[in-house]
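These notes concern the structure reproduced below.
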Amino acid sequence: MARWISAARPKTLPLTLAPVIAGIALAIAETGTLAPLTALCTLLGAMAIQIGTNLHNDATDFERGMDTAERLGPPRATAQGWFSARQVKNAAHLMFALAFVLGMFLLVRGGLPILVIGLASLVAGYAYTSGPRPIAYGPFGEIYVLLFFGMAAVGGSYYLQALTFGWTPLLTGIALGLPAAAVLLVNNYRDLETDAAAGRRTLCHALGRVRARVLYTLLMLGPIPILMLSGLPGSTWPLLAALPLAIVLSLRLFRGALGLALNDQLARTAQYQIVLVALMVLGFLLS
């Protein structure tokens, strides 16, 4: 069981849950109401898609020869020989099926917009590392993350609560998608040489390390002014408390963090998104 939990990559789940919680909290702040069962199914469905994507990525990366002995990231289940690629793929299919079942309940409440978001999320989960042009192996991974770990997660969870939409959840989704994209950027920055040797041409490969560091800084600093100008209810001043963390992490990358040190950078970048959501909710409570 411990190996299956490790294969699911539980450390990635906050990146999925934080924007969903943000969307739910924003809807509550604006409407004053909560649909608890819908909120629970939204959180579980998002987790199922994330775990399914992680497992599918684990198996397909192994099959494509991406997980070599030189890999600097955490161990992968298939590459370690814990499970076969077929077992891991079957587990991924099971998680996607669970997400589909939960999505059927959410579809009753949200209708066509939720159908579109749900189907797009499931397709993207497979396409991330599958097909003739996997998203993860090209320069558009960060855009994928911005769309699904930001705009879709916040916008979809907000809509399921409020049954309406607007500029505020859209801008909030963009803002929270930026640090999520920064997490992927750090991951690809860490693996730049091994990815290039395996034929993986990510955005980091196209930019080079210097420009990738500049982009990382923009992705980290950008959410604060976007959120403060997005029309969030309550006070937005607490968001300024996240600024020192964004600056410190950006400077750390500019000062030459490489190799295994980037695993800590990646974890702290993911935590930054959680900090933003917590400060945003604090602002709601101060209203």
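The values are calculated or read from the model by the stated rules, or taken from the named source; none is laboratory data. Remember, predicted model here, so these are calculated numbers, not experimental data. We place every Cβ from the backbone using ideal geometry, glycine too, and count neighbours over all the protein chains shown. These area figures cover heavy atoms from the full protein model, side chains too; ligands, DNA and RNA do not enter into them. Shrake-Rupley method; radii C 1.70, N 1.55, O 1.52, S 1.80 Å.
Things to note:
- Every pair of residues 6+ apart whose Cβ atoms lie under 6 Å, when the first sits in the stretch 222-240 and is within 15 Å of Val281 (Cα to Cα) while the second is at pLDDT below 95 and in a loop (DSSP other than H, G, I, E, B): Met228/Thr236; Pro233/Ser287; Gly234/Leu286; Gly234/Ser287; Ser235/Leu286
- Residue check for Ala59: buried (at least 22 other Cβ atoms within 10 Å of the Cβ) and modelled with pLDDT of 85 or more: no
- A count restricted to the stretch 77-117 and to residues that are in a helix (DSSP H, G or I) and open to solvent by 30 Å² or more (accessible area, probe 1.4 Å) stands at 21.
- Selection within the stretch 143-172 - among the aliphatic types (A, V, I, L, M) and part of a helix (DSSP H, G or I): Ile143, Val145, Leu146, Leu147, Met151, Ala152, Ala153, Val154, Leu160, Ala162, Leu170, Leu171
- For the stretch 247-257, taking the residues that are out of contact with any Lys or Arg (no Cβ under 7 Å at 6 or more places or on another chain) and of a type outside the set (Lys, Arg), the one that is surrounded by the fewest Cβ atoms within 10 Å (Cβ to Cβ) is identified as Gly256.
- Qualifying residue in the stretch 214-223 (condition: open to solvent by 40 Å² or more (accessible area, probe 1.4 Å) and small (Gly, Ala, Ser)): no
- In the stretch 1-45, the qualifying residues are those that are in a loop (DSSP other than H, G, I, E, B), touching a residue at least 12 places away in the same chain (Cβ under 8 Å) and surrounded by fewer than 16 Cβ atoms within 10 Å (Cβ to Cβ), and the one that is farthest from the chain's Cα centre (by Cα) is Thr33.
- Figure legend. Inter-residue proximity from the stretch 264-287: first residues among the charged types (D, E, K, R), second residues assigned to a helix (DSSP H, G or I), beta-carbon distance below 8 Å, spacing 6+ or different chains. Indicated pairs: Arg268/Leu245; Arg268/Leu249.
- Qualifying residues in the stretch 224-246 (those that are over 21 Å from Ile24 (Cα atoms) and over 21 Å from the mean Cα position of the chain (by Cα)) - the one surrounded by the most Cβ atoms within 10 Å (Cβ to Cβ): Ala241
- Listed by first and then second residue, the pairs with beta-carbon distance under 6 Å, at least 6 apart or on different chains, first residue in the stretch 92-112 and free of Cβ contacts under 8 Å to residues at least 40 places away in the same chain, second open to solvent by less than 40 Å² (accessible area, probe 1.4 Å) and in a helix (DSSP H, G or I), are Leu107/Ile114.
- Which listed residue, of Leu232, Leu253, Leu192, Leu258, is aliphatic (A, V, I, L, M) and closer than 17 Å to Gly141 by Cα: Leu192
- You will find that of Arg209, Arg200, Arg190, the residue that is in contact with a Leu (Cβ under 6 Å, 6 or more places away or on another chain), more than 30 Å from Ala25 (Cβ to Cβ) and in contact (Cβ under 8 Å) with a residue 12 or more places away in the chain is Arg190 and no other.
- Residue ID - modelled with the lowest pLDDT, chosen from residues in the stretch 184-213 that are surrounded by fewer than 20 Cβ atoms within 10 Å (Cβ to Cβ) and not in a helix (DSSP H, G or I): Ala198
- So Ala48, is it small (Gly, Ala, Ser), over 21 Å from Phe96 (Cβ atoms), buried (at least 18 other Cβ atoms within 10 Å of the Cβ) and at pLDDT 85 or above: no
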